[in-house]
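One structure is given here, and the rest of the page talks about it.
Since every read-out is calculated from the coordinates, none of them should be taken as a lab result. Computed from a predicted model, the values in this text were never measured in an experiment. Reconstructed Cβ throughout: ideal geometry from the backbone, glycine too, with neighbour counts over all protein chains shown.
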Amino acid sequence: MKKISLLLGAFALIGFTYSSVATASTLEEVQARGELVCGVSGGVAGFSAPNDAGRMVGIDAAVCDAVAAAVLGDADAVKYVPLTAAERFTALSAGEVDVLSRNTTHTLTRDATLGVNFTYYNFIDGQGFMVAKADGLSSVMDLDGASICVQAGTTTELNMADYFRNKGLDYTPVGYSTSTATREGLEGGACDAITSDASQLAALRSETADPSAWTMLPEIISKEPLGPVVRQGDDQWMDIVTWTLHAMINAEELGIDSSNVDAMRADSPNPSVARIVGSEGETGPSLGLSQDWAYQVIKQVGNYGEVYEKHVEPLGIARAGSVNDLWTRGGIIYSPPLR
Amino acid sequence: MTMNTVKFEKLPDRLPPVNTVGWVAWVKQNLFGSVSNTIITLLFFYLIFLYIPPFLEWSVFNANISGSDRSICDENRSGACWTFIKVRMEQLLFGLYFAQNPDQMWRPIMAFIVFGGLLTPLAIDRTPYKKWLLLILLVAYPIFFISLVGGGVFGIPKSDASEWGGLLLTFTLAFVGIVLALPLGILLALGRRSKMPVVRSFSIIYIEFWRGTPLITILFMASVMLPLFFPSGVEFDKVVRAMIGITLFQSAYTAEAVRGGLQALDKGQTEASMALGMGYWQQTIFIILPQALRISIPSIVNTFIALFKDTSLVSIIGLLDLLKIAQNSSRSLDWNGYDIEAYMFAGLVFWIFCFGMSIYSQKLERKLDTDRNVE
C-alpha cells in the first residue's frame, strides 16, 4: 500500500513538472533557464569540435552562439550537448535540446515524419570525389573500373551506387567503418578515389601527410543542405532560429561585420542597416526578442561570411563562387529582407 | 708421539659448468633450446628489430612536445605530436567543463588524490582498520566525490555530470558500475541458487535477460528510448541513465562470476554449518560467501576490467568518455590529423588502469590463497 502511494506520488510529481513545462514556450523556457541547450556533433572539424580551451567551435556551434546572443544577449550562454547521428532527433523531440545544429541534411522524410522543423541552411554540402593529383583524372566519368574508398553503411555509399549505375560505370567499393579509415585507405593505396561529403573530403585532405597531392573532382552527386533544426509546434521559436540565420546573411550582404557594427549602429544612412542594428523598426519585438537582438548576434558572433571564414576556410573549402557564397556573388546563400 | 690426525672434510662444491647456470644457460635453454625455438626466437628478434626502432624514433626521438599549437608539429611530421596531448591534457582527463573553467580543476584532481589516498593503504598488507577504510571508500567517498566534483553545495559551482568527460567520466562510470554491481550480483547469484521458486526464477530471468543483451543496446535504450516514455521537459541526466544501464548489465555478469565460486564450494561446508545450527544468512555470510568470493576473485576482476573498457561504449549516446574526447580533440581544426597520438594516449591510460586492476587482483589471490596451499 505504501509502495503504491509512493508510486502514485512519483507520477503526480512527473505530471506536475510536465504541466508546468507544457505551458511555457521554448523562448520562455530558455530565458528562464538563462542558457540555450544546443545539440551539436562535437567531433567534426569546422562544424563543431572542442578548441584548446574546451569550448565548442565551428560553423554549427556558431549557430548556437548566435541564437543565444539573439535570445539572451550573451553568445556564451550555451550548453553544448554532443549528439550522435542516431540519437539527434530523439534528443530534440524529447526536449533535451532547444536547437539541433549538427550538420543535418534537410530531406522530405525527416521533415514530414520526425516531428521536427528545418529552419534554414548554414552550409550547403554535397557528395564529391577526391583522387590523387598524379592520376590526372578530370571527371567522375574517368573512374570507370576504379576502386573507391567509402564509409560503409552510409547514404554516401548508396548515392554512389545510384550514380554509377545510372551512368553505367563499373566500380569496386572498398568499405571502412570510419571516415579516418577511408582516408588511410586512400593514402595507403587501397583505392583510386575516395567519396564523402565535400566538406568531409576537405577535412580529410587537410589530415593527409601532403594535402597538395590530392584533388577533388568537379562533380557533386548529391544535395546535402545542412542547417539547424527545431521541434515542431513552436512557430515563434522556429522563427527566431530562422531569422537569426537570416540576420547573419543579411548583415554580410550589407557589409556589416563584428568590427564595424558599432559604427553602423551609431550612424548609418541606409535604412536596411538601421533595421538590422536595431536603431529603426520593430524586428526584435515582433519575434519576442529585444530591440538589439540582431546587433548582439553580429557583435558577438559575426556575420555569415565571418563565421565561414573563421571555421570552414581553414579546412581548405574555398567559398568564392561556390554554392555557399552570397547570391550576389554567384552562390545560393540568400535571405529574405529583414524588415 | 705425534699422530697424524686425518681430518675428513667436505670439499666445497664445484661450480656447475658455465653453460648450465646464469644468463648463458637461460638463453640456451629458453631461446635456443630446440630448432623450432631457435627459429621462433630469430623471427621475433627480427620483428622487434623491424618495428621497435621506427616506433621509438616516431614516439620518442623525433617527437614534438614543445610549443602550444600545431605549427611545430606540422613542420616535423616524422615524429609524434605530443604537444597536442600536452595542450589538451585537461580536456582528456576531466572533460570540457573543467577545461573551460581551469579555476575549478582542483576539484577532480583532489577527488582523484583522495581516491588514491584511500586505495593505496588498502593494497598494503599491514594497514590496520582495513574494513573501515573500505567502508569509507564505498560509502563516504561517493558522497564526497559527488559533492566535490558535481558541486552545487558549500558554495562550489555546479557542474552537471553530463558535462564531465575524459578520464573523469570513464572513472566515474566504472566506479559506480563496480561498486553497485558487486552487491547486486552477489544477491542475484544467491537468488539463482535459492530454493524459493519466485526468487530463483526472477534471478534467472534477470541474469539471462541482461546477459543476453549487448551493452550497446542497453545504453542506446537508456538514451534514446527512455526519454520518449517521459513527458517532454522531464530531465533525467544522461550520465545517470548510463550508470543505471551499466549497473544492471554488470550485475548480471558479476552474478555469474559469483555463482561459479558458489558452485565450486564443497557441499560439506553448508552441511557443517547447518550442523552447527546456523541459519541461512549466518551460513551465507560467515561460511559460504567468504570462501566463494575468494574462489571467484579472478573472474570477478575479469568482468570489472571488461567493464572499465566497455565504458567507452557510452560515446554511442554522446557522452565524451576518454576515448571519445580524444577522438573529438583530434577532429578539431587546431589538431586534425593527429588522431594516432590521441588514440595512443587513450590506450595508455586504459592500459594503466586495467593492468593496475589485474596486478591488484593477483596480489589479492596470492594473499588469500596462502592458507589453502599449505598441505
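For this structure, a couple of remarks:
- Amide H contacts for A:ASN117 (H built 1.01 Å from N in the peptide plane; partners 5 or more residues away or on another chain; cut-off under 5 Å): A:VAL230, A:ARG231, A:GLN232.
- Quotient of the Cα radius of gyration of region B:128-270 and 2.2 N^0.38 Å, N being its number of residues: 1.26.
- Normalised size of region B:20-62, defined as Cα radius of gyration per 2.2 N^0.38 Å with N residues, equals 1.54.
- Pair-distance distribution P(r) for region B:163-224, from all Cα-Cα distances in 10 Å bins starting at 0: 19, 37, 30, 11, 2 percent.
- CD proxy at 222 nm, helix term only [per DSSP H run n ≥ 4: -39500 (n - 2.57); per residue of chain B; nearest 500]: -19500 deg cm²/dmol
- Region A:281-339 has equivalent-ellipsoid semi-axes of 27, 15, 6 Å, by the square roots of 5 times the alpha carbon gyration tensor eigenvalues, sorted largest first.
- Degrees, to the nearest 10: A:235-253 long Cα axis against longest axis of chain A: 60
- Among residues other than B:SER68 with Cβ under 14 Å from its Cβ, the summed charge is -2 (Lys and Arg +1, Asp and Glu -1).
- Efficiency of FRET from Cβ geometry, B:LEU43 and A:GLU219, R₀ 51 Å, rounded to 0.05: 0.55
- To the nearest ten degrees, helix A:155-167 and the longest principal axis of the Cα atoms of chain A are 50 degrees apart.
- Each DSSP beta bridge with both residues in chain A is either parallel or antiparallel, and the antiparallel ones are about 55%.
- In this label model, B:PHE209 and A:THR328 are separated by 6.4 nm, measuring between points 7 Å along each Cα→Cβ vector.
- Computed E for A:ALA263/A:ARG55 - FRET, C-beta separation, R0 25 angstrom, nearest 0.05: 0.35
- Look at the Cα gyration tensor of chain A: its axes a ≥ b ≥ c give a/c of at least 1.5 with a/b at or below b/c, and that counts as oblate.
- When restricted to Cα atoms, the protein assembly as shown yields an Rg and a Dmax of 31.9, 141 Å, respectively.
- With an a/c value of 1.5 or above and a/b larger than b/c for the gyration tensor axes a ≥ b ≥ c computed over the alpha-carbon atoms, region B:270-323 is described as prolate.
- Within-15-Å neighbourhood charge of A:SER259 [Cβ basis; K, R +1; D, E -1]: -2
- Placing a label point 7 Å from the Cα of A:ARG339 along the Cα-to-Cβ direction, the residues of region A:232-254 whose backbone N falls under 19 Å from that point are A:243-244, A:246-254.
- For region B:161-237, a crude dipole built from +1 on the beta carbon of Lys and Arg and -1 on the beta carbon of Asp and Glu, taken about the Cα centre, is about 640 debye to the nearest 20.
- Selected from A:ARG88, A:ARG102, A:ARG33 as most flexible by GNM, with chain A as the system and alpha-carbon contacts under 10 Å: A:ARG33
- 10 Å Cβ neighbours from other chains, averaged over peptide A:84-96: 6
- Peptide-level mean, for B:321-333, of C-beta atoms on other protein chains within 10 Å: 6
- Computed on the Cα trace of region B:266-372, the radius of gyration divided by the Kirkwood hydrodynamic radius gives Rg/Rh = 1.26.
- Average beta-carbon neighbours from other chains, 10 Å sphere, peptide A:38-49: 5
- For region A:313-332 versus region B:221-280, the gap between their alpha-carbon centres in whole angstrom: 56
- Taking region B:38-166 and dividing mean pair separation by its residue count, relative contact order in percent (alpha carbons under 8 Å, at least six apart): 20
- Mean residue ellipticity, 222 nm, helices only, chain A: the sum of -39500 (n - 2.57) across DSSP H runs of n ≥ 4, divided by residue count and rounded to 500, is -12000 deg cm²/dmol.
- Kyte-Doolittle at least 1.0, axis length at least 18 Å by Cα - qualifying DSSP helices, chain B: B:35-56, B:106-123, B:166-192
- Nonlocal amide H pairs with A:CYS149, under 5 Å, H built at 1.01 Å: A:VAL174, A:ASP192, A:ALA193, A:ILE194, A:THR195
- Over every Cα atom in region B:11-122, the radius of gyration and the widest Cα-Cα span, Dmax, amount to 25.0, 77 Å.
- Acute angle (nearest 10 degrees) that the helix A:2-22 long axis makes with the longest principal axis of chain A, alpha-carbon atoms: 80
- Less than 5 angstrom separates the built amide H of A:VAL57 from those of A:ALA49, A:ASN51, all sequence-distant by 5 or more or on a different chain.
- With semi-axes defined as the square roots of five times the eigenvalues of the C-alpha gyration tensor, the equivalent ellipsoid of region B:303-360 measures 24, 14, 6 Å, largest first.
- Two-decimal Rg to Rh for region A:127-221 - Kirkwood Rh, Cα set: 0.91
- Stokes-Einstein translational diffusion, region B:188-233 - Kirkwood Rh over all Cα pairs, 1.567 mPa s, 4 °C, in µm²/s: 105
- Relative pair counts by distance (%), Cα atoms of chain B, 20 Å bins: 20, 44, 27, 6, 2, 0
- Among beta bridges that DSSP assigns inside the protein assembly as shown, antiparallel share in %, nearest 5: 50
- Each listed q (0.17, 0.19 Å⁻¹) maps to a log10 I(q)/I(0) for region B:85-191, found by the Debye formula over equal Cα scatterers with no solvent: -0.88, -1.01.
- In terms of other Cβ atoms within 10 Å, B:ILE48, B:ILE207, B:ILE244 run from fewest to most in the order B:ILE48, B:ILE244, B:ILE207.
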